[in-house]
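Here, each number is a calculation from the coordinates, and none is a lab measurement. Model, not experiment: these values are computed from the prediction. Because the Cβ atoms are built from the backbone with ideal geometry, glycine has one as well, and the counts that use them run over all protein chains shown.
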Amino acid sequence: MAEFLEDASKTLESTTVYLWRNAKVVKGGRRFSLSALVVVGDRQGSVGVGYGKAAGAPAAIEKAQKNARKNLSKVVLKDGTIPHEVTGKFCASKIKLIPAAPGTGVKAGASVRAVLEMAGVKDCLTKSLGSANQKNLVKATMLSLLQLQSKETIASLRGVEVGDTHVEEMIASGIRYMPQNSGSEKAKAPVNKVGQKNGKGGGNRGRGGRGRGGRDEAQAAAPAAGEAPATEAPAAEAKPAEGEAKSAE
């Protein structure tokens, strides 16, 4: 089960989910204000949601961040994903979280993604049902995360030994297919040599290996229809130099 944190002195990150513009009608006209919905977390299992309202956007976001720090909660995670499927509902919004293998990523909308990423979830599938209101989706996601339990907690509550779960097997299978040597040199892609032999592989002024007239080298060397084949002119005899002619006489 999730537990509330009393000390929030660790490094936290915040992201603004949405900003609303509100108007209040008074005797002299309308007074405008802004409301902010902010998610705060350390990406290591601690996450909180806050709401603030002020005359300007910076002040509203600051109020929401302070409120979110007071509502920090600890979430149970398992190797970057959640330990089991869970469903949360708030008002007309319903969200379902499904664990995923390593490398899948967070497949969710903007509101749900903000909560999951601040909590430290790296791989998760989600399904949103009902209303798409940002406040309701964020609160439904928080309720879903607070329902997560670890395998050890379930085993102690039931008084039985729990073996490898489906999520653990999926994580082990996903890690087996992840690249291990990330620092090694990348393999070079094969070179496409199709069409290079007959001059149709690109290049030569971008016309598929052909010149300005649209004829490749083989066609340029062959005579056109109706033209006589070109004959080679006889080589001219070299004239002897004057010194060589006198010596011959």
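A few comments on the model shown:
- Across the cross-link table entries Lys53/Lys74; Lys94/Lys151; Lys24/Lys107; Lys27/Lys139; Lys10/Lys122, which are compared at the Cα atoms, the separations over 30 Å belong to Lys24/Lys107; Lys27/Lys139.
- Residue-normalised convex hull volume from the C-alpha trace of region 86-169: 93 Å³ per residue.
- Calculated from backbone phi, Karplus (6.51, -1.76, 1.60) coupling profile of region 26-32 in Hz, x at Gly/Pro: 10, 5, x, x, 10, 10, 9
- In region 1-123, one over the average inverse separation of all distinct C-alpha pairs is 15.7 Å, which is the Kirkwood hydrodynamic radius.
- Cβ-based exposure ranking for Asp79, Asp123, Asp164, in which fewest neighbours within 10 Å come first: Asp164, Asp79, Asp123
- Cβ-based exposure ranking for Ile82, Ile171, in which fewest neighbours within 10 Å come first: Ile171, Ile82
- For Val17, the residues whose modelled amide H falls within less than 5 Å of its own, excluding neighbours fewer than 5 places apart on the same chain, are Leu37, Val38, Val39.
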